[in-house]
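Presented below is the structure to which this report refers.
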Amino acid sequence: MFPSNAFDGLILALLLICVVAWPTQWLSDRGNRALRIVAVSVIILQLMVDGPRPQLLPAYLVALVVGILLIANRDGGKATSIRESKARLVQKLARWTMVLGTGVFLLVSALLCALFPRFEYPIPSGPFALGTKDIRLLDPSRLELYTEDPDDHREVMVRVTYPAASGQESNNVQRDRAHSDLGWILTMLVPNSVTPMWGAIPTHATVGAPIANAHAKYPVLIFSHGFPTGTPEQNTVLIEHLASHGYIVVAINHSFQSLGYQFADGSIADLSVLTRREQSLGPPQSPQQLAEEESIWTRIAAATDATPAAQAELVRKAAATNPRGTTFNSMTHQLISEDQRFVMDALNGVLQTDPVLGAHSDVDRIGVFGLSAGGTASVVTCSADTRCGAGLNLDGFQPLLLELPPLERPFMHVSSTDEPYRMYPYSQSTAPSYFVHVKGARHLDFTDAMLTMSAVKQIGLLGPIDTLRMYALTNHLVLGFFDRYLKGRGELLDQLQKTKHPELAVSFK
C-alpha cells in the first residue's frame, strides 16, 4: 500500500550536496554545475509527474536557491586563508550561513516526509473497473442560507464513482485533491485556490469511462462526508471498494459544510461563514452552563451500566445547556439530510438524462450512508424518507438523533465507542438494525486519514487498531450490509456473525 519514498530522499540528498559543495569546493566548478543541473532537473521531473507536495515546500525554496546559483554560474571561490581581506571572510561566512539556513529547510522537509509519507490507495477488491465523473447540481426549490445574495439557490457538487467497462486508458485517472498528504491541513490555512493540486493522489477511477454493461442497473449509494472539515475524498478507499462491487456511489460535496468546495463561477465557499451563522443563533454558553454540561458528561461517562434510554436522557440535559450549539448542529444535519434527499429527487429528475446515472441507476434500490455528521444526517434521512432502502452511520452522533422517530428501515450504526446513549437509535428501531463497536478505533480511523497520518498514530488522533485491518473491517461491514438489504445477498454479514473478530462487538435485532 505504501510505495517507496526513495524519490523524496533522492531530492533531499541532491539538494543537500549542492548547498554543501558550494562553499567547501568538494567538486570542481564543472562538477558543481553538473550537480545543480541534475538536482534542478529531478525537481522539475517530480513537479511534472507527481505534482507539488506540501512536504517538499521547504526543499522547493532550497531548489530555487540552487537554480539561482546555476543561472549565475557561481562557483565556490578560491581557497581562502587568514591573511585574506575582511571582504573575503565576510563572503565565506555568508556562504556558510546560507548552508546552515538551507540545511534547516531541508531538515524540515525530511521530517514532514517522514511524518506524512507517500502512499497509494489500496486496489479495490471487486470485479469491476472504476469510472468517475463530477456533476454540478442546482436546487431551484431551496435558497442558499450561507450567502448574502437573497436570490442564491442551493448548489452542490457530486462525485459519482461507478462500475466501468474494463480496459480503460490509465492516463485519465481521477486525482484526489483536497484530502491529500498535508493538503487538507494547508487548505485550512491558505485559500483553497492555492492548494487543490498539492500532493494530489491518483485514484483507481478513470474519468468519463463507459459504465459496465454486466447489469442493466446498479443500486445507488448516496454518501455524505463529515462536518466542517470533511470532503468526499476523505473516504475514497471505501467508495472505490463499493463501486468495484457493483454500486453507483454518489458522494456529495456539501457546499459551506466542507473543505475544498469551488463553485462553477470559480468562487470559493468560505468556512468562516459557519461561525457567523452560529453566532446569529443567540448568545454562547455561559460559564455556568459550560460547567453544568461538563458535570453531566462526567455522569454519563460514569454511568456505563445505564440503559440507552437512561443515558439518552442525560445527553438531552447536556444539550440543553448549550442551546446555540445544539440548534446549530441540528440545522447542519438537517441541511445535509436535505442535500441527500435532493440528490434522490435528481435521480428521478434532471439526472435521468445523464448517460451513467439515467439509464443505469436503480432508483428502487437506494442506500444512504455517511461519516460523522454525514452519518448523523443519514439517520435523519432514513427516518423520514421511504426512498431510503437501507442506511448506515459511520461514527456520527448528536442529540438530534434522540428526538427522531424509530427507524423503520434497515440500518447499521458503526461506532468507535460503546456508550449506551450511542445505541439509543438502534434500540428504538423497528426494522432490522445493527450496532457495531470497533474496538481500538477512533473517529479518524473511519477515513483515509489512516493513510495520510499513519506515521503519527502516537499523537492520539488515530487509534491503535492496525490500518489494513481497519480498512478490511470497514469495507466488509459496509459492503456486507448493503449487499444484504439492497441486493438480497447476505453472505458477508453471515460470515461476519459466524466469525470471531476480536475488534468487533456486534449487536443485532
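In this structure the amide hydrogen of Asp354, modeled in the peptide plane, comes within under 5 Å of no amide hydrogen from residues 5 or more places off or on another chain.
Basic side chains Lys and Arg get +1 at the Cβ, acidic Asp and Glu get -1 at the Cβ, and with that the dipole of the chain about its Cα centre reaches some 1940 debye. Protection proxy ranking, highest mean first, for peptides 303-316, 367-380, 423-436: 367-380, 423-436, 303-316, where packing is the per-residue count of other beta-carbon atoms within 10 Å, averaged. With both labels modelled 7 Å from their Cα along Cα-to-Cβ, the Leu461 to Val104 distance reads 2.5 nm. Once the C-beta distance of Gln495 and Lys439 is scaled by a Förster radius of 25 Å, the resulting FRET efficiency is 0.85 to the nearest 0.05.
FRET efficiency for the pair Ala505 and Lys317, taken as 1/(1 + (r/R0)^6) with r the Cβ-Cβ distance and R0 = 22 Å, rounds to 0.20. Reducing the stretch 8-62 and the stretch 106-155 to their Cα centroids gives an inter-centroid distance of 32 Å.
Near Leu138: Cβ cut-off under 11 Å, other residues only, Lys/Arg at +1 and Asp/Glu at -1. The net charge is -1. Under a 5 Å amide H cut-off, with hydrogens placed 1.01 Å from N, His254 pairs with His225 among residues at least 5 apart or on other chains. Accessible surface for Cys113 stands near 10 Å², nearest 10, in the context of the full protein assembly shown (1.4 Å probe). For Gln311, what is the net charge nearby, where nearby means another residue's Cβ is under 14 Å from its Cβ and Lys, Arg count +1, Asp, Glu -1? That sum, taken over residues with Cβ under 14 Å, equals 0. The residues Arg276, Arg484, Arg142, sorted by heavy-atom accessible surface at 1.4 Å with ligands and nucleic acids left out, run Arg276, Arg484, Arg142 from largest to smallest. Heavy-atom accessible area, probed at 1.4 angstrom with all protein chains present, ranks Trp26, Trp297 as Trp26, Trp297, highest first. Given their separation in residues at 0.36 nm each and the Cα-Cα distance between them, Glu408 and Ala431 gain 7.8 nm when the chain is fully extended.
Potential lengthening of the chain between Ala310 and Ser28 amounts to 93.6 nm, from the contour at 0.36 nm per residue minus the alpha-carbon distance. Each residue of the stretch 207-220 was assigned a 3J(HN,Hα) from its phi angle through the Karplus expression (A = 6.51, B = -1.76, C = 1.60, θ = phi - 60°), giving 5, x, 5, x, 6, 5, 9, 5, 10, 5, 9, 10, x, 10 Hz with x at Gly and Pro. Rounded to the nearest 10 degrees, the angle from helix 287-302 to the longest Cα principal axis of the chain is 70 degrees. The residue list Leu12, Ser415, Leu93 was ranked by how far each Cα lies along the charge dipole of the chain toward its positive end, using unit charges on Cβ atoms, and Leu93 comes out on top.
Each Lys or Arg adds one and each Asp or Glu takes one away; over the other residues whose Cβ falls under 13 Å from the Cβ of Pro464, this sums to +1. Cysteines of the chain lacking any other cysteine Cβ under 4.7 Å from their own Cβ: Cys18, Cys113. 3J(HN,Hα) couplings calculated from phi for the stretch 397-413 with the Karplus curve 6.51 cos²θ - 1.76 cosθ + 1.60 (θ = phi - 60°) are, in sequence order, 7, 8, x, 3, 4, 6, 9, 7, x, x, 5, 10, 10, x, 8, 10, 10 Hz; Gly and Pro show x. Taking Cα atoms only, the orientation of helix 467-487 departs from the longest principal axis of the chain by about 30 degrees. Here the simple spin-label model places points 7 Å from the Cα toward Cβ, and for Thr386 and Arg469 these points are separated by 4.5 nm. A dipole drawn for the chain from +1 and -1 charges on Cβ atoms has a positive end, and of Tyr424, Leu112, Ala34 the residue lying farthest that way is Ala34. One chain, two ends: Leu145 and Leu111. Fully extended at 0.36 nm per residue, the span grows by 8.0 nm beyond their Cα-Cα distance. Between amide H atoms placed 1.01 Å from N, distances below 5 Å from Arg365 occur with Val220, all of them 5 or more places distant or on a separate chain. Within the accessible surface of the chain, defined with a 1.4 Å probe on protein heavy atoms only, the carbon and sulfur portion equals 60 percent. Among 284-291, 442-449, sorting by the average number of other beta carbon atoms lying within 10 angstrom of each residue, highest first, gives 442-449, 284-291. Accessible area per residue for the chain is 44 Å², calculated with a 1.4 Å probe on protein heavy atoms, without ligands, DNA or RNA.
Taking a straight Cα-Cα cut-off under 20 Å and skipping sequence neighbours fewer than 8 places away in the same chain, the aspartates and glutamates within cross-link reach of Lys457 are Glu120, Asp181, Asp395, Asp445, Asp448, Asp466, Glu503.
For the chain, the mean residue ellipticity at 222 nm estimated from helices alone is -13500 deg cm²/dmol, where every DSSP H run of n ≥ 4 contributes -39500 (n - 2.57) and the total is divided by all residues, rounded to the nearest 500.
Look at the alpha carbon pairs under 8 Å that are at least 6 residues apart: their mean separation over the length of the stretch 296-432 gives a relative contact order of 25 percent. The mean sequence separation of alpha-carbon pairs under 8 Å and at least six residues apart, normalised by the residue count of the chain, gives a relative contact order of 12 percent. Sorted on the mean count of surrounding Cβ atoms within 10 Å across their residues, most packed first, peptides 341-349, 44-52 read 341-349, 44-52. Rounded to the nearest 10 degrees, the angle from helix 373-384 to the longest Cα principal axis of the chain is 20 degrees.
The values are calculated or read from the model by the stated rules, or taken from the named source; none is laboratory data. Since the structure is predicted, the reported quantities are computational estimates derived from the model, not experimental observations. Note: ideal-geometry Cβ built from the backbone for every residue, glycine included; neighbour counts use all protein chains shown. Only protein heavy atoms, including side chains, enter the accessible area calculation; ligands, DNA and RNA are left aside. Shrake-Rupley method; radii C 1.70, N 1.55, O 1.52, S 1.80 Å.
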